[in-house]
């Protein structure tokens, strides 16, 4: 049996072409957000850091370490304060390292850590506990701040 072909209008053809192009674009965007991207975290799973409230006072941010992940050497936490967001880790019994918690790549808040250091959840940049870049896409290190520790309180000097 012979098939009868009817011509389609230019409008219908253009609408169909636009739909196909839009679908292909969306598919590309969705796969770019997946875990197989070359910039996704690759240093193993990162655990989410605990959050601590910091009190801004006298040119610094005060953080109580009692009962937190910072109570033990090697512990780390995300400190939130009106003065900013900081990553803080306990290097020894009396020494702490505080750095910015905002990724230098595109400004995401760093919320994860693994055995190597900190991991940005947006594009997988990794930093050591001193804020130096271990793996990009970030190219610049995180700013480090001086700290003091007295009577269970760490002060991040601003």
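The values are calculated or read from the model by the stated rules, or taken from the named source; none is laboratory data. Given the structure is predicted, the values throughout are model-derived calculations rather than measurements. As a convention, Cβ positions derive from the backbone with ideal geometry for all residues, glycine included, and neighbour counts pool all protein chains shown.
Points to keep in mind about this one:
- Matching entry among 133, 79 (being closer than 22 Å to residue 158 by Cβ and at pLDDT 95 or above): 79
- With respect to the conditions (1) surrounded by fewer than 16 Cβ atoms within 10 Å (Cβ to Cβ); (2) free of Cβ contacts under 8 Å to residues at least 24 places away in the same chain; (3) farther than 15 Å from residue 61 by Cα, residue 122 falls short on a single one, namely (1).
- Filtered residue count, the stretch 86-96, keeping only those that are surrounded by fewer than 21 Cβ atoms within 10 Å (Cβ to Cβ) and either over 17 Å from residue 69 (Cα atoms) or touching a residue at least 40 places away in the same chain (Cβ under 8 Å) (or both): 2
- Any hit, the stretch 39-52, residues being in the same structural domain as residue 141 (by TED's automatic domain parsing), within 15 Å of residue 149 (Cα to Cα), surrounded by 10 or more Cβ atoms within 10 Å (Cβ to Cβ) and modelled with pLDDT of 95 or more: no
- Flag if residue 99 is over 14 Å from the mean Cα position of the chain (by Cα) and surrounded by 22 or more Cβ atoms within 10 Å (Cβ to Cβ): no
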